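Novice: Structure in structure tokens, see below.
The values are calculated or read from the model by the stated rules, or taken from the named source; none is laboratory data. Computed from a predicted structure; not experimentally measured. A quick note on method: Cβ atoms are made from the backbone with ideal geometry, for glycine too, and the neighbour counts reach across all protein chains shown.
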Amino acid sequence: MADFLVIGALALDRPVWLEAALERGGRVVGRSLEAQLGPRLGGGGANAGVALVRAGHTVRLASLVAADGGGDQSIALAGAAGLDVALVGRRPGESRTTLILIEPDGERLVLGLDIDRARLVLPPLASPADHPGVQPDGVYVRAAFPGADAWAARSRGPVVVHWPAPAYAGPADVVVCSADDLEPAVLAAPFEAARAVFGPQLSAIVVTHGADGASAYSAGAPITVRPPPAKVIDSTGAGDVFAAGLLEALSAGASMMRALDQACAWGAVTVGLASSAPVDSAPGAYRPFGA
């Protein structure tokens, strides 16, 4: 099995299942976890990392959490889910509260409460120089924390980066993004736009379209893959797990077509789970490439 590094958020999500879709001026009743806005393991880094663990791989999570009780709890949950949390650092301040509002069709709205980005101080991640034995077979950069560039450069395999990532200036072999996050000019020529940012090392950009699948753009013809049918219970984390499936397949030598097939399959599994990080997935749900 492979040894992966995931750089991204580690958080406590507080889900609320709504009885009706949100609409302006409406009223809606919701059900929370444990009837008290109880937390579950979340954050883009944890979501992707847990899927790779469930596929049988070793996963180090590089992240930053607050130096408070919420940070302690998120680290404990990540460790219990099988993630190596030795590279999780602490930042000043308090843990942020994140509500996940889940509509009956499984679509979700992420609501971060009381976030003052101007006052959020992020120290650098642990330095690779202090961990000379860590040379991952692949890296997923979900959040461009300070120091993420140096860790990505340590990778022996593909580096997949969530894009847009304005604070990231490190290497990227493939970037993954949602069509909803891209300007029309970028959508018109996605590979050219991404390569202008990341340089000639970039081999492809993958644009996701939710239930309509994903497309990969490179120097050759575009490749489009649709996901298998799935009953959507909670779409939280599906994009992160999609990227994890893509990285896993590419690191195993898959073609982009086969890697997209796997990424879509992993995403379809995830939307059928009532979770953020897929800690309750069935054994074998995330099949490694070639298995």
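Novice: Going through region 111-127 one residue at a time, which ones are farther than 11 Å from Ala62 by Cα and either modelled with pLDDT of 95 or more or small (Gly, Ala, Ser) (or both)?
Specialist: Answer for region 111-127, where residues must be farther than 11 Å from Ala62 by Cα and either modelled with pLDDT of 95 or more or small (Gly, Ala, Ser) (or both): Gly112, Ala118.
Novice: Only one residue in Ala277, Ala263 is in contact with a Gly (Cβ under 8 Å, 6 or more places away or on another chain), under 20 Å from Gly82 (Cβ atoms), crowded, with 21+ Cβ neighbours inside 10 Å and of a type outside the set (Phe, Trp, Tyr). Which one?
Specialist: Values: Ala263 fails: under 20 Å from Gly82 (Cβ atoms).
Sole residue among the options that is in contact with a Gly (Cβ under 8 Å, 6 or more places away or on another chain), under 20 Å from Gly82 (Cβ atoms), crowded, with 21+ Cβ neighbours inside 10 Å and of a type outside the set (Phe, Trp, Tyr): Ala277.
Novice: Right, next: For region 167-223, give me the residue count where each residue is in a loop (DSSP other than H, G, I, E, B), of a type in the set (A, V, I, L, M), under 20 Å from Ala254 (Cα atoms) and in contact with a strand residue (DSSP E or B) (Cβ under 8 Å, 6 or more places away or on another chain).
Specialist: Here the count works out to 2.
Novice: Name the residue that is farthest from Val53 (Cα to Cα), counting only residues in region 131-159 that are touching a Lys or Arg at 6+ places or on another chain (Cβ under 9 Å) and of a type in the set (A, V, I, L, M).
Specialist: The selected residue is Val134.
Novice: A further question on this structure: Can you tell me which residue in region 8-27 is farthest from Glu94 (Cα to Cα), limited to those that are touching a Leu at 6+ places or on another chain (Cβ under 7 Å) and surrounded by 24 or more Cβ atoms within 10 Å (Cβ to Cβ)?
Specialist: Pro15
Novice: Can you run down the residue pairs with Cβ atoms below 6 Å, 6 or more apart or on separate chains, where the first is in region 242-259 and crowded, with 19+ Cβ neighbours inside 10 Å and the partner is among the polar types (S, T, N, Q) and assigned to a helix (DSSP H, G or I)?
Specialist: Within 6 Å, the pairs are Gly245/Gln262; Ala249/Gln262.
Novice: Test of understanding: among Leu37, Leu33, which residue is in contact with a Lys or Arg (Cβ under 7 Å, 6 or more places away or on another chain), on the phi > 0 side of the Ramachandran plot, at pLDDT below 95 and not charged (D, E, K, R)? So that I can check it myself, show each step before the final result.
Specialist: Working: Leu33 fails: on the phi > 0 side of the Ramachandran plot.
Only one candidate passes the filter, namely Leu37.
Novice: Only strands (runs of 3 or more DSSP E) wholly contained in region 15-111 count here; list those with 1 or more residues that are touching a residue at least 40 places away in the same chain (Cβ under 8 Å) and farther than 30 Å from Ser155 by Cβ.
Specialist: 30-32, 97-102
Novice: For region 260-291, enumerate the residues that are assigned to a helix (DSSP H, G or I) and free of Cβ contacts under 8 Å to residues at least 60 places away in the same chain.
Specialist: Leu260, Asp261, Gln262, Ala263, Cys264, Ala265, Gly267, Ala268, Val269
Novice: Still on this model: Taking Asp234 as the residue in question, decide whether it is touching a Gly at 6+ places or on another chain (Cβ under 8 Å), of a type outside the set (Phe, Trp, Tyr) and over 19 Å from Gly56 (Cβ atoms).
Specialist: yes
Novice: Before we move on, is Thr224 under 18 Å from the mean Cα position of the chain (by Cα) and at pLDDT 95 or above?
Specialist: So Thr224 does not fit the description; no.
Novice: For residues that are at pLDDT 95 or above and under 24 Å from Ala238 (Cα atoms), scanning just region 187-201, find the one that is surrounded by the most Cβ atoms within 10 Å (Cβ to Cβ).
Specialist: Ala194
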